[in-house]
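Only one structure is covered here, and it is reproduced in the block below.
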Amino acid sequence: MKNMDNYAVIRNPLTTEKAVKLMETENKLLFRVHLKSKKPEIKKAIEELFKVKVVKVTTFHTPRGEKRAYIKLSNETPAIDIATQLGLM
């Protein structure tokens, strides 16, 4: 996936009960991402879009055929702040 736009890689944030709990306890955000996006592309897109430091990206495929990514942020950036910025909280 060469030269993919950051907005094409990151589809939208998710705000399930589990996602909110992860924000509060583990400083993680949950996003729907493009099916063919790779972890380094997801990390780069999040860092550029939100001006944050990403520690780790974990991806998984849902039974519905979507791809989701857990984004672990550095301790300097609370996930709640990003969620507020996105209008999720």
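The values are calculated or read from the model by the stated rules, or taken from the named source; none is laboratory data. What you see is a predicted model, and the numbers here were worked out from it, not measured in a lab. For neighbour counting, all protein chains shown are included, and Cβ atoms are generated from backbone atoms with ideal geometry for every residue, glycine included.
General observations
- Subset of the range 46-89 (residues that are in contact with a strand residue (DSSP E or B) (Cβ under 8 Å, 6 or more places away or on another chain), in contact (Cβ under 8 Å) with a residue 40 or more places away in the chain, farther than 12 Å from Arg32 by Cα and of a type in the set (A, V, I, L, M)): Leu49, Leu73, Ala79, Ile82, Ala83, Leu86, Leu88
- The residue that is modelled with the highest pLDDT, among those in the range 1-34 that are outside any helix (DSSP H, G or I) and more than 13 Å from the chain's Cα centre (by Cα), is Thr16.
- Residues that are under 17 Å from Ile82 (Cα atoms) and not hydrophobic (A, V, I, L, M, F, W, C), drawn from the range 22-42: Glu24, Thr25, Glu26, Asn27, Lys28, Arg32
- Among the residues making up the range 35-73, those that are surrounded by fewer than 12 Cβ atoms within 10 Å (Cβ to Cβ), in a loop (DSSP other than H, G, I, E, B) and of a type outside the set (D, E, K, R) are Leu35, Thr62, Pro63, Gly65.
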